[in-house]
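What follows is a structure written as structure tokens; I'll ask about it next.
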Amino acid sequence: MNKLRIGTRTSALATWQARRVEHLLNEKGIETELVGITTSGDRSLGGDLSSQVGQFIHAVDKKLMEGHIDLAVHSSKDVPVDVASSIACLSYLERGSTSDVLIFQHAPGLDTLDQVLKHKESSTLSEALMNLAKGSTVGTVSGRRQSFLLSQRPDLIPIAVRGRVETRLKRLHEGRVDTIVLAEVGLQRLHSVGGLEPWMLKCAALRISDTNWPTAPGQGAISVHCRTEDQANLAHIRSILNHPMTEDSVTKERELLSSIGGGCLYPAGIQVKGQQVDVKIAPKNWRAIFCKGRSFETFHFSGHYDELNISLPSEDLDDGLQMVDSPKIVSTLNSDRISHILHKKGIAVVNQPVVTLTPKHQNWPSEFIETDSVRSSWPYLVLTSPFAARCAVEVSGENQDINRIQWLAIGEGTARACFRMGVTVSICAQARNAKELAAFIMKKIPTSTPLMLPKSDIGSSYLAEELTRHGYDVTAWVGYENQIKKVPHVELESNDVLLLSSPSSAMAWVENGLPIPTNILCMGLSTQKQVGQLAPFSQSSVEVLDGPTVEFITSWWNQRRDEDAS
């Protein structure tokens with residue numbers, strides 16, 4: 001009899017899973033051969049993973065259908081609920097841990113990762129979140145994890161930390177993020193074969209309780225696929241590999257997910273253990289709700305399987321905000337999220353964009369990643385404004401290389417602009433201007449990493465020149481044009497405040513001949529500099545935002561109101 005060919009992805013964790021299958025079969029005298037296969041998910045570092053269903057399994061299953069392998073081994077959570085009829089799930093191996101683990105580089109008072117992997121204690125979600133400072137960056141691209149976190153802590157900033165488990169831990173160690181969320185089962189499996197280095201095991205960690213943080217359907221289980229036509233002939237293989245309790249649990253989880261119209265990317269946690277089921281589901285449009293600055297509720301159930309009656313959370317996007325009289329802020333930033341949050345703090349905001357963005361698709365580099373190049377040599381895309389972010393997302397829909405590389409956002413506003421459109425950036429510099437961004441890059445990014453920098457037609461060349469001067473290979477180009485939007489009239493009283501989001505917005509405001517209030521707030525030193533060069537603003541008091549936008553505006557506004565009242 002020929003060797004049974006087992007197809008698998010080539011990461012350490014995927015290889016562990018395939019070797020587990022191989023071991024069980026070899027014990028019964030069945031000869032096997034492992035066949036490593038690279039998938040599209042392995043060839044991307046971008047942050048839009050959650051928009052691509054099944055990218056970790058299709059390449060392996062394709063080899064199965066082409067006859068190059070006899071069995072395909074997958075993480076069950078990566079398998080879409082709708083699999084081609086020509087593919088059959090032959091068996092599920094006994095399930096490992098279903099918990100997620102929150103890992104920090106340092107966190108006084110918490111156990112080490114090594115200790116957590118040895119005990120079974122867990123923390124509630126509320127307890128876990130107490131360890132995250134305001135505005136912390138959290139490494140996860142999973143829609144389930146992101147929605148659960150942001151439903152409780154909207155101040156957190158999701159960051160795309162992609163790659164193998166070892167790579168993600170290195171990103172934490174490098175300070176790219178404040179914490180990362182990883183599946184415990186992968187950590188346990190790597191640890192069992194010495195795949196976690198001593199410094200990794202010294203990281204601080206805690207296990208999040210399954211009750212209020214249910215697993216992704218299928219997490220912790222290994223699926224073995226075969227060709228449907230071969231299923232009967234492989235019954236003896238199924239009898240060796242299949243674990244009935246795991247099969248029952250995962251099948252029920254996948255059926256529940258399918259019943260609500262979801263797939264493996266749906267923001268739902270569903271865990272079944274015997275007759276006990278824990279379910280947590282975010283609204284399907286949770287991202288849009290969050291990006292408007294609103295909170296959202298999740299459906300949560302913990303109890304007997306037969307008593308489960310899922311009521312999908314649903315929220316519309318109507319703000320329900322009532323305008324108030326002056327004084328108010330008139331903002332060219334046009335951020336629904338910021339305006340909504342400020343409204344809730346009693347600060348009236350009117351969004352009034354004065355610049356339109358026109359992407360220059362033809363200018364963006366394409367096909368710049370060599371087929372066999374190592375991912376560590378790929379460039380980073382540096383985004384310096386929400387405008388640049390919106391343009392990058394639009395271009396990435398048709399430019400696959402831009403889609404595959406890591407994106408670095410200058411600050412929270414730019415990161416959230418990407419997030420609104422479905423892309424989680426890989427790095428958020430939390431810088432306020434080009435000078436601070438250059439300093440961040442020089443501290444965190446090696447000069448061997450190429451940088452790609454789209455800019456507007458009127459943008460400064462300072463950042464590209466500064467980075468080039470310090471030894472970076474920078475490719476800069478005009479990626480979008482700022483064009484003045486015709487605005488015939490704006491209701492603006494003398495006691496209102498004008499928030500200018502960019503130098504081009506300042507110029508467009510003057511070009512439109514719009515009224516100038518006494519107080520001007522500028523986003524960035526370059527905007528302040530531009531305002532200082534425009535005569536119509538010469539009689540105004542001009543200040544620059546210092547720190548996170550909402551926090552500074554709220555503090556500034558309340559201080560100003562107190563001064564006016566005194």
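The values are calculated or read from the model by the stated rules, or taken from the named source; none is laboratory data. Quick caveat, the model's predicted, so the values are computed rather than measured. With ideal geometry, Cβ positions are generated from the backbone for all residues, glycine too; neighbour counts draw on all protein chains shown.
Hey, could you check the range 399-448 for residues that are of a type in the set (S, T, N, Q) and buried (at least 17 other Cβ atoms within 10 Å of the Cβ) and say which is nearest to the chain's Cα centre (by Cα)?
The qualifying residue nearest to the chain's Cα centre (by Cα) is Thr424.
Follow-up question, since we're still on this one. Check every one of the helices (runs of 4 or more DSSP H) wholly within the range 189-305 and list those with 1 or more residues that are without any contact (Cβ under 8 Å) to a residue 40 or more places away in the chain and assigned by TED's automatic domain parsing to the domain that holds Asn26.
The helices (runs of 4 or more DSSP H) meeting that bar are 235-241, 244-259, 286-291.
Right, something else. Which one of the conditions (1) β-branched (Val, Ile, Thr); (2) surrounded by 15 or more Cβ atoms within 10 Å (Cβ to Cβ); (3) in contact with a Ser or Thr (Cβ under 7 Å, 6 or more places away or on another chain) does Val83 fail to meet, given that it meets all the rest?
Of everything listed in (1) β-branched (Val, Ile, Thr); (2) surrounded by 15 or more Cβ atoms within 10 Å (Cβ to Cβ); (3) in contact with a Ser or Thr (Cβ under 7 Å, 6 or more places away or on another chain), Val83 misses just condition (3).
Here's another thing I want to ask about it. Looking at the range 10-31 only, could you name the residues that are among the hydrophobic types (A, V, I, L, M, F, W, C) and either under 31 Å from the mean Cα position of the chain (by Cα) or at positive phi (or both)?
Scanning the range 10-31 gives Ala12, Leu13, Ala14, Trp16, Ala18.
Here's something else I'd like to know. Going through the range 360-394 one residue at a time, which ones are assigned to a strand (DSSP E or B) and touching a Cys at 6+ places or on another chain (Cβ under 8 Å)?
Within the range 360-394, Leu383 is the sole residue that qualifies.
Among the residues of the range 395-404, is there at least one that is in a helix (DSSP H, G or I) and touching a His at 6+ places or on another chain (Cβ under 9 Å)?
yes
Of all the residues that make up the range 456-478, how many are buried (at least 18 other Cβ atoms within 10 Å of the Cβ) and at pLDDT below 95?
2
The rows are residues; the columns are (1) at pLDDT below 90; (2) touching a helix residue (DSSP H, G or I) at 6+ places or on another chain (Cβ under 7 Å); (3) crowded, with 17+ Cβ neighbours inside 10 Å.
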residue: Ser51; (1), (2), (3): yes, no, no
residue: Asp61; (1), (2), (3): no, no, yes
residue: Glu66; (1), (2), (3): no, no, no
residue: Val73; (1), (2), (3): no, yes, yes
residue: Asp78; (1), (2), (3): no, no, yes
residue: Ile87; (1), (2), (3): no, yes, yes
residue: Ser91; (1), (2), (3): no, yes, yes
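For the range 130-146, enumerate the residues that are in contact (Cβ under 8 Å) with a residue 60 or more places away in the chain, touching a Lys or Arg at 6+ places or on another chain (Cβ under 9 Å) and more than 23 Å from Glu551 (Cα to Cα).
Val141, Gly143, Arg144
Further question: Can you tell me which residue among Arg176, Arg171 is of a type outside the set (Phe, Trp, Tyr) and in a helix (DSSP H, G or I)?
Exactly one residue qualifies, and that residue is Arg171.
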